[in-house]
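Below you'll find the structure, written out as structure tokens, and then a few comments.
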Amino acid sequence: MKKKFVTGVLMAGAMALVLSGCSSTSSTTTAGATTAAAGKVITVGFAQTGSESGWRAANTESMKTAFSEANGFKLVFNAADNKPEAQIAAVHSFINQKVDAIVIAAVVTTGWDDVLKEAQAAKIPVILEDRTIDADPSLYAAWFGDDFNKEGKTAGEWVVKTFGSTPTNMVVLEGTTGSSAATDRTTGFNAAIKGSGIVQLASQTGDFTRAGGKTVMEGFLQKYGKTIQLLFAQNDDMGLGAIDAIEAAGLKPGVDIKIVTIDATKDGMTALSVGKINYIVECQPLLGDQVAKTVKDVLAGKTVEKMQYGVDGAFDQAQALAALPTRKY
Ligand code: GZL
């Protein structure tokens, strides 16, 4: 049963957390954690994908704010540069450090069984945030994130509403290969456009980065040029990179090539507000509070909802203009 949660955005007056910067694969521990008001400090190992996008930056900030010393945590943070093997190594390290709990935002869905069995044997609970994985659900306590399939479906429904049955040439910038976000968005999008006039010329991963989106779009433009009428980018950052390529080619993004993306980060919404992107489906990154509460509930032996979904919106240009002034990420 899906349980919805709406992420409270408590940014105003939030204490700035000064945490030493982390290199892509090093771990960072907050300074000597103080004892939480109600008891022992909870040491949490957080294995983040990396720093590939604006969405990821907002998610990391949300998690670091929630897992603060003031909230009774000592955070051991690792960013894996989008490298699955580095992320598995980080989780092994957390187990060796005997942390109280492990949180993972998985780069890819596969390869998790062995290290999660090791965490289970060490009696260290694992909570997933953001990305899902292909592993026995008994190996993790809960998952928080967004419904990627629904996000893809919403983007596809906008495409069908906009282009109808008119034959329309489309290119796709996929997210990180093997990630649940890319796989599920593709599934939802393709189901929504089935039977429409959309002709997919090409689909290739840009690894959720601006640089990747720009490079791949340059290749698409070299091969298909002005025949491209629509771009579906599976996150804002790849869409923003593609905009650079489209403009460099002397074409108008949002006009010559319509663009739909997913995330709704401030940079993406700004591009939407000026018409360089035509539609954005939201993906809520501010998951920290829910994940931190779940860690405490699991350690307290409480029963927690296994799968919990964020509530996502979608924006056209007018809605982006209205939302931007108060947007928190
Ligand atoms: C979605 C998240 C994706 C974002 C990208 O929940 O996993 O990864 O869409 C990010 O921006 O890199």
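Before moving on, here are some points about what is shown:
- Assuming charge only on the beta carbon of Lys and Arg (+1) and of Asp and Glu (-1), the dipole of region 148-283 about its Cα centre is about 380 debye to the nearest 20.
- Dipole of the chain computed with +1 at Lys/Arg Cβ and -1 at Asp/Glu Cβ about the Cα centre; of 46, 95, 274, farthest Cα towards the positive end is 274.
- Rounded tilt (10° steps) of 236-248 against the dominant C-alpha axis of the chain: 30
- In percent, rounded to a whole number, the relative contact order of region 261-306 is 31, using alpha-carbon pairs under 8 Å and six or more apart.
- Annotation: peptides 60-66, 310-316, 140-146, ranked by per-residue average of other Cβ atoms within 10 Å with the highest first, follow the order 140-146, 60-66, 310-316.
- Residue 313 long-range amide H proximity, modeled H, under 5 Å: 282
- Rounded to the nearest 10 degrees, the angle from helix 148-163 to the longest Cα principal axis of the chain is 10 degrees.
- Förster-model FRET efficiency, 30 Å R0, residue 85 and residue 190, C-beta, rounded to 0.05: 0.50
- Cα-based equivalent ellipsoid, region 160-279: semi-axes from gyration tensor eigenvalues, Å: 18, 17, 14
- Descending semi-axes in whole angstrom, ellipsoid equivalent of the chain, from the Cα gyration tensor: 37, 20, 18
- Take the Cα of residue 121, go 7 Å toward its beta carbon, and the backbone nitrogen atoms of region 76-101 under 18 Å from that spot belong to 88-99.
- Residues of region 48-90 with amide N under 16 Å of the 7 Å Cα→Cβ point at residue 98: none
- Cα-based radius of gyration of region 77-191 once divided by 2.2 N^0.38 Å, which approximates compact folds: 1.30
- Whole-Hz couplings from phi, Karplus 6.51/-1.76/1.60, listed for region 293-298; x for Gly and Pro: 5, 5, 4, 5, 5, 5
- Close amide H partners of residue 129, meaning residues 5 or more places away or on another chain with modelled amide H under 5 Å apart, are 104, 105, 106, 144.
- Packing-based ranking, highest mean first, of 175-182, 102-109, 89-96, 244-251 given that Cβ atoms within 10 Å are counted: 102-109, 175-182, 89-96, 244-251
Computed from the coordinates by the stated procedures, all read-outs in this text should not be read as laboratory data. Since the model is a prediction, treat every value here as computed from it, not as a measurement. For neighbour counting, all protein chains shown are included, and Cβ atoms are generated from backbone atoms with ideal geometry for every residue, glycine included.
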